[in-house]
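The values are calculated or read from the model by the stated rules, or taken from the named source; none is laboratory data. Being a predicted model, the structure only gives us computed values, none of them experimental. Note that we place each Cβ from the backbone using ideal geometry, even for glycine, and neighbour counts take in every protein chain shown. Each accessible area value is taken on the protein alone, full model and side chains, heavy atoms only, with ligands, DNA and RNA left out. Shrake-Rupley method; radii C 1.70, N 1.55, O 1.52, S 1.80 Å.
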Amino acid sequence: MPLGSSSDTRIGEWVVALGSPLSLTNTVTGGVVSSVSRKASELGINVNDISYIQTDAAITFGNSGGPLVNLDGEAIGINSMKVAAGISFAIPIDYVKGYLAEAEKRKLGGYKSPKLRYIGATLLTLNEDLVRELHASNSISPQISRGVIVWKIVVGSPSYKCGLKPGDIIYKVNGMDVVSTTPIFEALRTSESLKFHVIRRGADSSFVCVVYPEEVPDT
């Protein structure tokens with residue numbers, strides 16, 4: 001599949017997301033581009049500076065990682081995440097091109113990255129806009145106005161073993177209030193374990209779970 005240019009993508013342009021959601025192979029969903037520059041900081045993602053492509057094409061478990069394609073048959077993004085119905089995001093293909101070029105340079109130069117730790121969860125800060133959209137789609141309780149939402153869990157990961165599930169709201173980590181992902185990433189960097197206070201939709205009360213981060217294996 002040819003790689004397009006995400007910088008040429010326009011709001012209102014028709015796109016399709018390819019993948020295998022819920023193990024249903026060769027699935028195509030369609031929609032339009034809602035935003036061409038949704039900054040990571042707006043989503044509460046503080047570990048990168050990507051400006052995501054927002055689309056209403058359904059991106060769910062399975063077609064995350066597949067291509068977002070324009071009507072010329074070019075990949076303009078990599079499907080990344082769905083926050084709520086009609087709100088999905090893709091990594092711009094121009095960013096991917098840059099990453100691949102940099103990775104090739106490092107490989108040729110013998111560069112080895114430092115050891116990283118992970119918990120196996122995709123987390124999003126509940127900012128004002130996201131809370132409003134999630135309330136409108138009835139994805140979170142009306143009483144929730146801050147915290148971090150668990151969007152995705154990797155099966156077998158430390159978060160999975162702890163019992164976290166997509167849709168859970170984390171409001172404390174190691175005794176600190178959580179209003180963004182920043183204290184979680186700081187705790188991941190400095191602490192041997194992460195004690196989460198969690199609210200789960202439909203549960204009568206909050207609960208506590210402890211996640212023990214693991215090192216990312218060498219590739």
Query raised in the report: Do you know which of the residues in segment 19-35 that are under 13 Å from LEU71 (Cβ atoms) and open to solvent by 20 Å² or more (accessible area, probe 1.4 Å) is modelled with the lowest pLDDT?
Result: VAL28
Query raised in the report: All but one of (1) in contact with a helix residue (DSSP H, G or I) (Cβ under 7 Å, 6 or more places away or on another chain); (2) part of a loop (DSSP other than H, G, I, E, B); (3) of a type in the set (A, V, I, L, M) hold for ILE78; which doesn't?
Result: (2)
Query - Residues that are of a type in the set (D, E, K, R) and open to solvent by 70 Å² or more (accessible area, probe 1.4 Å), drawn from segment 134-184 - result: ARG146, LYS161, LYS165, ASP177
Query raised in the report: Does any residue of segment 185-197 turn out to be over 19 Å from LEU116 (Cβ atoms), hydrophobic (A, V, I, L, M, F, W, C) and surrounded by fewer than 15 Cβ atoms within 10 Å (Cβ to Cβ)?
Result: no
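For every residue, the table says whether it meets (1) closer than 18 Å to THR27 by Cα; (2) of a type in the set (Lys, Arg); (3) touching a residue at least 12 places away in the same chain (Cβ under 8 Å).
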{"residue": "GLY77", "(1), (2), (3)": "yes, no, yes"}
{"residue": "LYS82", "(1), (2), (3)": "yes, yes, yes"}
{"residue": "GLY98", "(1), (2), (3)": "no, no, no"}
{"residue": "ARG106", "(1), (2), (3)": "no, yes, no"}
**Report entry** Within segment 190-213, considering residues that are touching a residue at least 24 places away in the same chain (Cβ under 8 Å) and among the charged types (D, E, K, R), the one nearest to LYS161 (Cα to Cα)
**Finding:** ARG200
Requested in this report: Select from segment 85-105 the residues that are small (Gly, Ala, Ser) and surrounded by 17 or more Cβ atoms within 10 Å (Cβ to Cβ) and list them in ascending order.
Outcome: SER88, ALA90
